[in-house]
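The block underneath contains the structure these notes are about, expressed in structure tokens.
The values are calculated or read from the model by the stated rules, or taken from the named source; none is laboratory data. Computed from a predicted structure; not experimentally measured. Here Cβ is always computed from backbone atoms with ideal geometry, including for glycine, and neighbour counts include all displayed protein chains.
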DNA sequence: GACTAATCATACGTACACAAACGATCTGGC
DNA sequence: GCCAGATCGTTTGTGTACGTATGATTAGTC
């Protein structure tokens, strides 16, 4: 009776059962995405070197560099992190002295984030590493395959 | 002086600086992979329904179903989780009564994992959902694009 | 038989990731 | 001016994910 699966046309039950019996974990997009992401973070951690940044910390720093100053939630939206996540990321970056907080003049709910001089020095060095990390992640693909892959990846976001 | 970046040919310094200045977070594979994975887990959580399984818990259950019984570390290798991670996953599955542990006859270091009847019922229902989840994740791609994307994704793992 | 190396499972610490709930503050409509 | 709803930032709880360390057990070597 498939319990609570979204109601299927009665005739589709057999086909559905076949798909269940032949389900291969290794062929599922989700599993492949998880492993690809896993490999990338391993490369990232390896190649980032002494900067000791995580991918999300790096993303936050780059965005702050691009925009000069920005509120925490806004930064979270631009880097695709929810408020709870971006809070932890910025807290650790502030603790390391790479960013600083200043109260916003016109909105007292906001704390504006800015790079410190140490932060700026680290971002520039880290971005150079970031270029190499992207290259290493894409290394298994030919020059022709890379734009195809990136374009398809963009579509499923 | 770029501090500690892996030594570059002196002539490449200018090109490297250009890449740093023009670095766009949104164009990096790592960022795209993170967001694609993020979207997939959101779909997964939404569509998995009352089974209340996470992607990794689901992967573990499917692998145990395929193999009948298996040791914890072996399961971790097959599902691409390190020993510390698979330990947490199996602990939660055991706490929910979906899998059970039995001592291995020939190797006293091992605890063999098996599905309980409740576990088996859940996996079958969950796999039907898994098929729909894969479909929903790939929905933005045409029929022609899907195998291309999966094949490229497999290459970068 | 004893020693070494490898493997298994566990424990601890750090870092994402999101849901849910919270108080503080801002804004639009009246 | 005032109130309702939205937004900002925080906190708590659960669940990956991995490095590192540890103890138990096994397997290989001498």
Yes or no: residue B:61 within 13 Å of chain A (Cβ to nearest Cβ), away from DNA strand C (no atom under 12 Å from the Cβ), in a loop (DSSP other than H, G, I, E, B) and over 17 Å from residue A:35 (Cα atoms)? no
Selection from region B:92-104 of residues out of contact with any strand residue (DSSP E or B) (no Cβ under 6 Å at 6 or more places or on another chain) and surrounded by 13 or more Cβ atoms within 10 Å (Cβ to Cβ) yields B:92, B:94, B:96, B:98
Out of the residues in region A:102-127 that are under 17 Å from residue A:43 (Cα atoms) and at pLDDT 95 or above, state the one that is nearest to the other protein chains (Cβ to nearest Cβ). A:127
Just one of (1) touching a helix residue (DSSP H, G or I) at 6+ places or on another chain (Cβ under 6 Å); (2) within 22 Å of residue B:33 (Cα to Cα); (3) within 11 Å of chain B (Cβ to nearest Cβ) trips up residue A:89, so point out which. (3)
Which of (1) within 11 Å of DNA strand D (Cβ to nearest atom); (2) within 13 Å of chain A (Cβ to nearest Cβ); (3) surrounded by fewer than 15 Cβ atoms within 10 Å (Cβ to Cβ) is the odd one out, the single condition residue B:55 does not satisfy? (3)
With (1) part of a helix (DSSP H, G or I); (2) within 13 Å of DNA strand D (Cβ to nearest atom) as the list, and residue A:101 as the residue in question, which single condition is left unmet? (1)
For region A:105-130, which residues satisfy the criterion of being surrounded by fewer than 13 Cβ atoms within 10 Å (Cβ to Cβ) and either touching a helix residue (DSSP H, G or I) at 6+ places or on another chain (Cβ under 8 Å) or over 23 Å from residue B:23 (Cβ atoms) (or both)? A:105, A:106, A:107, A:108, A:109
Evaluation of residue B:77 against (1) without any contact (Cβ under 8 Å) to a residue 12 or more places away in the chain; (2) more than 16 Å from DNA strand D (Cβ to nearest atom) (one fails), failing number: (2)
Within region A:26-53, the count of residues that are touching a residue at least 24 places away in the same chain (Cβ under 8 Å) and within 12 Å of DNA strand C (Cβ to nearest atom) comes to 4
Has region A:46-56 got at least one residue that is within 18 Å of residue B:34 (Cα to Cα) and in a loop (DSSP other than H, G, I, E, B)? yes
Restricting to region B:8-31, count the residues that are at pLDDT 85 or above and at the interface with another protein chain (Cβ under 7 Å from one of its Cβ atoms). 6
Of the residues in region A:131-156, those that are outside any helix (DSSP H, G or I) and in contact with a helix residue (DSSP H, G or I) (Cβ under 7 Å, 6 or more places away or on another chain) come to A:140, A:141, A:156
Give me the residue from region B:67-83 that is within 14 Å of another protein chain (Cβ to nearest Cβ), within 11 Å of DNA strand C (Cβ to nearest atom) and assigned to a helix (DSSP H, G or I) and, out of that set, farthest from residue A:42 (Cα to Cα). B:75
Going residue by residue through region A:58-68, is there one that turns out to be within 13 Å of DNA strand D (Cβ to nearest atom), surrounded by 17 or more Cβ atoms within 10 Å (Cβ to Cβ) and at pLDDT below 95? no
Return yes or no: is residue B:154 within 13 Å of chain A (Cβ to nearest Cβ) and surrounded by fewer than 20 Cβ atoms within 10 Å (Cβ to Cβ)? yes
